[in-house]
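Remarks on the structure that follows.
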Amino acid sequence: MATLLSAQCVVCLRKPGSQLHLRRAAARISARCYSSRTASSADYLHQSVVPSMHYQKSLPRLPVPKLEDTIRRYLAAQKPLLDDGQFTTTEKVAQDFQNGVGKQLHEELVAQDKANKHTSYISGPWFDMYLSARDSVVLNFNPFMSFNPDPKTGYNEQLVRSTNMVCSAVRFMKTLRAGLLEPEVFHLNPAKSDTDSFKNFIRWVPSSLSWYGAYMVNAYPLDMSQYFRLFNSTRIPKRGRDELLTDDKGRHLLVMRKGNMYVFDVVDRDGNLVKPAEIHSHLKYILSDSTPAPSLPLGILTSENRDVWAGLREKLVATGNAEALGLVDSALFCLCLDEESMRDHIHISHNMLHGDGCNRWYDKSFSIIIAKDGQAAINFEHSWGDGVAVLRFQNEVFKDTTEKPLVHPDSAPAAVDSASAVRRLQFHLDRELESGIKKAKENFDSAVSKLVIAAIEFKKGGKEQLKKSKLSPDAVAQLSFQMAFLRQYGQTVATYESCSTAAFKHGRTETIRPATVHTKRCSHAFVREPGKHSVDELRAMLNECSKYHGQLTKEAAMGQGFDRHLFALRYLANSKGQSLPSLYTDPAYSALNHNILSTSTLTSPAVSLGGFAPVVPDGFGVGYGVHDDWIGCNVSAYPARNVHEFLQCVHKSLEDIFSVVEGKPL
């Protein structure tokens with residue numbers, strides 16, 4: 001199952017005829033200032049007058065699409081990938097499904113959904129899909145998002161930045177748990193809804209009705225049910241299916257350096273943030289600890305196959321390590337202090353996506369990784385959430401550390417006894433565990449050695465020019481990937497773009513399918529026969545691609561894609577022990593879900609780049625951002641594909657598209 005940085009496309013509820021529409025909300029949400037009024041307490045980022053979970057009760061439910069709509073959309077996505085004969089076969093299989101076993105499964109799904117109004121039809125199956133996957137979470141699931149540097153260079157020093165990030169992270173946690181974090185809302189008309197007067201009104205509207213109050217002023221509250229898993233949470237390996245553990249009584253931070261693991265309290269007994277000067281002192285103590293790197297670093301086990309790791313974890317508990325593991329699992333989050341400085345963007349991507357495996361605990365809900373030179377990123381475990389909560393956290397931490405840092409380059413750490421406050425965790429290992437760690441390291445090295453990452457920045461245009469030309473920036477980026485793959489490999493292939501359904505209660509993600517009959521036709525015109533078409537004809541094709549992509553994006557964000565619906569029907573058939581309907585055994589279904597182009601987009605003032613590995617061995621993992629006047633792509637691949645050549649083809653495609661936009665012939 002394709003697993004992406006799904007914070008990227010948060011939501012796009014387009015109102016017909018409205019010039020303002022929700023599109024790529026993550027980008028705009030992230031640029032917003034969240035605070036309602038400045039907090040009087042240093043322990044809070046801000047104090048929202050509207051309680052954090054005020055809208056949660058009244059969020060609309062994720063719709064189960066009509067089966068005929070799902071089949072129509074499924075066939076439209078298959079059309080550009082199949083020849084006429086294959087399409088005829090797939091069409092018949094799909095129609096038989098719609099009129100037969102699919103109809104029964106759909107009716108059952110709808111009935112099940114009506115009986116479970118507290119959640120969404122996709123939530124349970126989606127958790128199950130992630131937690132039952134046995135592949136390593138490294139490369140296959142965990143993505144990363146790197147922070148921009150602090151604009152004040154002195155604050156990027158590793159000790160200063162890590163102290164400030166820990167303090168801001170704890171302030172975020174306290175603000176969230178006190179219900180004082182501004183609710184996540186997308187404002188279509190901020191002049192009306194993102195105002196003190198509206199907030200002072202809506203806070204008195206009962207939670208069961210509050211969503212409707214926001215809707216009346218064109219504001220769309222987003223689901224925040226995943227936020228509680230941000231802190232004190234870990235994925236615990238179990239045979240067959242993992243479990244998520246959240247223990248909000250933990251007051252300590254887990255810190256890793258050179259593969260050694262340390263804990264110390266960052267919240268005191270009264271629930272307040274420990275003095276920043278003391279946190280500063282404890283981190284300084286860890287950074288100057290002369291303990292050598294362990295020859296058998298335990299963290300590498302979290303990169304193993306989940307069943308293998310589950311067996312080794314049982315062994316760890318049996319050999320007397322339960323208490324130490326409990327401290328790891330219940331820690332607020334993990335801070336990884338790395339010994340290396342980053343050479344460039346590519347080095348950052350490799351280090352933050354996987355690193356050397358020794359100084360990480362990949363099962364923590366998230367880890368903040370800070371390199372020797374202060375380059376920082378978040379790497380997060382994907383089963384508990386889709387990055388909406390992580391992106392919000394990252395934006396708030398960046399804003400807080402850059403605007404209101406609690407320690408400064410000239411701050412003196414507190415004169416406290418860090419040696420007794422900080423505990424280095426010790427683990428007892430037997431022969432079996434030692435050999436398990438060695439094997440895990442071999443497997444890890446072998447997997448990451450095959451991954452190649454490359455990046456480009458296209459500087460000849462971006463969002464502003466495209467919007468002036470009435471073209472969707474996201475549609476243009478996606479079209480450039482279609483053109484590039486056609487130029488490089490001569491094919492149109494299954495493509496996945498992640499879109500969040502956070503506008504609904506317990507929404508997760510939906511798939512946008514950017515490879516369409518329109519992009520195929522347009523790509524052929526640009527790549528195969530550039531001299532054959534006038535600029536006006538090429539321009540008309542761009543318009544058609546943009547319009548159709550906009551429609552697909554809107555449908556996905558409204559819960560009207562087809563991927564999740566078909567997934568839920570398949571899950572239902574499996575759970576009843578039925579034999580798999582022929583729709584799912586059709587080779588065309590497997591091919592569509594073998595996502596060779598796996599894509600996800602992200603722009604935010606806090607984030608410099610994001611990335612993830614391909615979801616199939618012969619695929620590309622395409623992280624991209626369309627900025628005001630440039631477009632960035634950060635792409636990963638295994639040896640089956642040439643990532644450098646692909647990016648040259650993307651660059652060429654963007655040049656051609658912008659030429660046509662400017663009215664120049666190819």
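The values are calculated or read from the model by the stated rules, or taken from the named source; none is laboratory data. Computed from a predicted model, the values in this text were never measured in an experiment. Don't worry about glycine lacking a Cβ; one is built from the backbone with ideal geometry, like all the others, and counts go over all protein chains shown. Side chains included, ligands, DNA and RNA excluded: accessible areas come from the protein's heavy atoms. Shrake-Rupley method; radii C 1.70, N 1.55, O 1.52, S 1.80 Å.
Before moving on, here are some points about what is shown:
- A 1.4 Å probe run over the chain, with the rest of the protein chains in place, finds 38 Å² accessible per residue.
- For the residues 527, 416, a 1.4 Å probe over the protein chains yields an accessible-area ranking, largest first, of 416, 527.
- ³J(HN,Hα) computed for each position of the stretch 80-87 - Karplus, 6.51 cos²θ - 1.76 cosθ + 1.60, integer Hz, glycine/proline x: x, 9, 10, 7, 4, x, 5, 5
- Our coupling estimate for the stretch 370-380, obtained by passing each phi through the Karplus curve with A = 6.51, B = -1.76, C = 1.60 and θ = phi - 60°, is 10, 6, 4, 8, x, 5, 10, 7, 10, 10, 10 Hz, Gly and Pro reported as x.
- Applying 1/(1 + (r/R0)^6) with R0 = 56 Å to the Cβ-Cβ distance of residue 540 and residue 208 gives a FRET efficiency near 0.70.
- Surface composition of the chain: carbon and sulfur make up 52 percent of the accessible area, probe 1.4 Å.
- HN-Hα J in Hz across the stretch 218-227 - Karplus 6.51, -1.76, 1.60, θ = phi - 60°, x for Gly and Pro: 6, 10, 10, x, 10, 4, 10, 5, 7, 4
- In terms of the mean number of neighbouring beta-carbon atoms within 10 Å, the peptides 509-519, 403-413 order highest first as 509-519, 403-413.
- Between residue 662 and residue 200, the FRET efficiency estimated from the beta carbon spacing at R0 = 51 angstrom works out to 0.60.
- Antiparallel DSSP beta bridges within the chain, as percent of all bridges there, nearest 5: 75
- Rounded Å value of the spacing that divides the Cα centres of the stretch 214-259 and the stretch 331-367: 18
- 20 Å reach of a label modelled at residue 470, 7 Å along Cα-to-Cβ, counting backbone N of the stretch 535-555: 535-554
- Label selected from (1) 582; (2) 253; (3) 155, the criterion being volume of the Cα convex hull per residue in Å³ as computed here: (3)
- Model label points for residue 517 and residue 118, set 7 angstrom from Cα along the Cα-to-Cβ axis, are 4.6 nm apart.
- Protein-only accessible surface order, largest first, of 246, 585, 603 at 1.4 Å: 585, 246, 603
- Using alpha-carbon coordinates, inclination of helix 517-527 to the longest axis of the chain, degrees: 90
- Net lengthening on full extension, residue 215/residue 373 (0.36 nm per residue, minus Cα-Cα): 52.3 nm
- Given their separation in residues at 0.36 nm each and the Cα-Cα distance between them, residue 258 and residue 346 gain 29.5 nm when the chain is fully extended.
- Sequence ranges 327-335, 572-580, ranked by mean other-Cβ count within 10 angstrom, highest first: 327-335, 572-580
- Residue 68-residue 416 pseudo-label distance in nm [points 7 Å out on the Cα-to-Cβ vector]: 6.7
- For residue 551 and residue 268, a Förster radius of 60 Å and the Cβ-Cβ distance give a FRET efficiency of 0.65, rounded to the nearest 0.05.
- Here the stretch 567-666 is described by how far its Cα atoms reach on the three principal axes: 56, 36, 29 Å, from widest to narrowest.
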